[in-house]
Amino acid sequence: MLVTKNPAQYITALEEDITDALQIGLLFSGQISDTHAASLLELASAIQSTPRSIRCMCLRFKDDVDEGTMSSFLYFGQMIVGAKAIESLVLEGDGVGHEQIVCLQDFLSTNTTLRGINFSETKLDRSSSMLLTGFLTGNSSLRVLNLSSNARVDDDSIGTILTAIALGGSQLSTLNICDAHFDGVEDLIGDNGSITTAGVRTITAFISQTPSLVTICLKMRSLNDEGIRDLSNVIRRRDCKINRLEISGTFGDGALQSIAEALRSNQSLRTIDIGNSLNLTDEGGRAILRVASVNVVNTWKQIMASNNTLRSVYLKSRPPPLLVSQDIQHALRN
């Protein structure tokens, strides 16, 4: 998606009477010019009146925005109150914090049509999470929640957000929660991150109470064997609709054995992506392979106990001595 400091770039497209959905990307950095400030308000007016749907509006903030820029953004937030064209909102960058969410609070708290909200690499924290409760409890249309790489999101933030979603009655289909600075296996060592095992329990409890979920991505340093066992209890249920599961954490072979047992009754999972983990070996991979592979099933009883919907399991390579063999990785992928 193109992200620009010039709001005028989208105004003409919003006025076109065609059905194709748009994507809008705005960058806020430093001082805003008078021309761009005026265009920002014109854009807000165009968003209110456009016949087109806006599939995604991405607002990216750097941490050097001045008072003039924030004043213009506040007016922008007030002018889009009631706009129904926006399907998904993305807030990203280390300049997104309490003040930016305040500017959008009236828009969000009265919105009942937004289907997705994404916070990525922001300063979202427990106080700014509280500002979202009106939106989350009042919007039953929400389907996607993405909280990725927000260093200040902690157990309280997670509890506030997920409790509000549950109270709002939305049928969430996609849930992504990922620790900040979590790109490689070396990031698992040391600091356990802002989300602790208590936060993981809050997340898995929410998942258990949300049978509409189809896609789940959890990448957290505190996601250990206990957290995976709680997830497995959801996977084994007959009402489970999850078809894609991505997990990274500090779990080991025992966690994969829990998933393998759950797969015996699961009929929805098609893909499992297992990323960074400190403690996996061939033992865990074989546990899933025994359940998912029809090539090792010899009797009708075993066939009935196996999972025949799972298509691929991806195990991220990691250095010795904790390496899952290439043979098992290949067998699981296929």
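For segment 163-185, name all the residues that are more than 30 Å from LEU280 (Cα to Cα) and among the hydrophobic types (A, V, I, L, M, F, W, C). Of everything in segment 163-185, those that are more than 30 Å from LEU280 (Cα to Cα) and among the hydrophobic types (A, V, I, L, M, F, W, C) turn out to be ALA164, ILE165, ALA166, LEU167, LEU172. Taken as a whole, the structure leaves VAL96 outside the set of residues that are open to solvent by 20 Å² or more (accessible area, probe 1.4 Å), modelled with pLDDT of 95 or more and not hydroxyl-bearing (Ser, Thr, Tyr).
All told, SER306 falls short of being at pLDDT 80 or above and more than 19 Å from ASN224 (Cα to Cα).
Figure legend. Inter-residue proximity from segment 113-126: first residues acidic (Asp, Glu), second residues in a strand (DSSP E or B), beta-carbon distance below 7 Å, spacing 6+ or different chains. Indicated pairs: GLU121/GLU92. In the set (1) of a type outside the set (Lys, Arg); (2) more than 18 Å from THR174 (Cβ to Cβ); (3) at pLDDT 90 or above; (4) assigned to a strand (DSSP E or B), the condition left unmet by ILE216 is number (2). In the set (1) open to solvent by 10 Å² or more (accessible area, probe 1.4 Å); (2) within 26 Å of GLY134 (Cβ to Cβ), ILE86 fails one condition alone, (1). Across segment 53-75, which residue is most open to solvent (accessible area, probe 1.4 Å) among those that are hydroxyl-bearing (Ser, Thr, Tyr) and closer than 15 Å to ILE32 by Cα? Out of the qualifying residues, it is TYR75. Of all the criteria given as (1) more than 16 Å from the chain's Cα centre (by Cα); (2) surrounded by 21 or more Cβ atoms within 10 Å (Cβ to Cβ), the one not satisfied by ALA198 is (2). Summed over segment 223-249, the residues that are surrounded by fewer than 20 Cβ atoms within 10 Å (Cβ to Cβ), closer than 15 Å to THR197 by Cβ and touching a helix residue (DSSP H, G or I) at 6+ places or on another chain (Cβ under 6 Å) give a count of 3.
Residue check: is ILE101 open to solvent by less than 20 Å² (accessible area, probe 1.4 Å) and within 21 Å of LEU132 (Cα to Cα)? Yes. Among all residues of segment 22-29, there is at least one that is open to solvent by less than 80 Å² (accessible area, probe 1.4 Å), in contact (Cβ under 8 Å) with a residue 12 or more places away in the chain, among the polar types (S, T, N, Q) and in contact with a Lys or Arg (Cβ under 6 Å, 6 or more places away or on another chain). Picking from residues in segment 256-272 that are of a type outside the set (S, T, N, Q) and under 22 Å from the mean Cα position of the chain (by Cα), the one that is farthest from LEU223 (Cα to Cα) is ARG270. For segment 182-204, the criterion of being at pLDDT 95 or above and among the small types (Gly, Ala, Ser) is met by at least one residue. Can you confirm whether LEU124 is touching a Phe, Trp or Tyr at 6+ places or on another chain (Cβ under 7 Å), surrounded by 22 or more Cβ atoms within 10 Å (Cβ to Cβ) and modelled with pLDDT of 95 or more? So LEU124 fails the test. Scan segment 310-318 and tell me whether some residue there is modelled with pLDDT under 75 and out of contact with any strand residue (DSSP E or B) (no Cβ under 6 Å at 6 or more places or on another chain). Within segment 310-318, one or more residues are modelled with pLDDT under 75 and out of contact with any strand residue (DSSP E or B) (no Cβ under 6 Å at 6 or more places or on another chain). Take the conditions (1) within 20 Å of LEU131 (Cα to Cα); (2) part of a strand (DSSP E or B); ILE24 misses just one of them, which is (1).
The values are calculated or read from the model by the stated rules, or taken from the named source; none is laboratory data. Computed from a prediction, not measured in an experiment: that's the story for all the values here. In this analysis, Cβ positions are derived from the backbone assuming ideal geometry, glycine residues included, and neighbour counts consider all displayed protein chains. Calculation scope for accessible area: heavy atoms of the full protein, side chains included, ligands and nucleic acids excluded. Shrake-Rupley method; radii C 1.70, N 1.55, O 1.52, S 1.80 Å.
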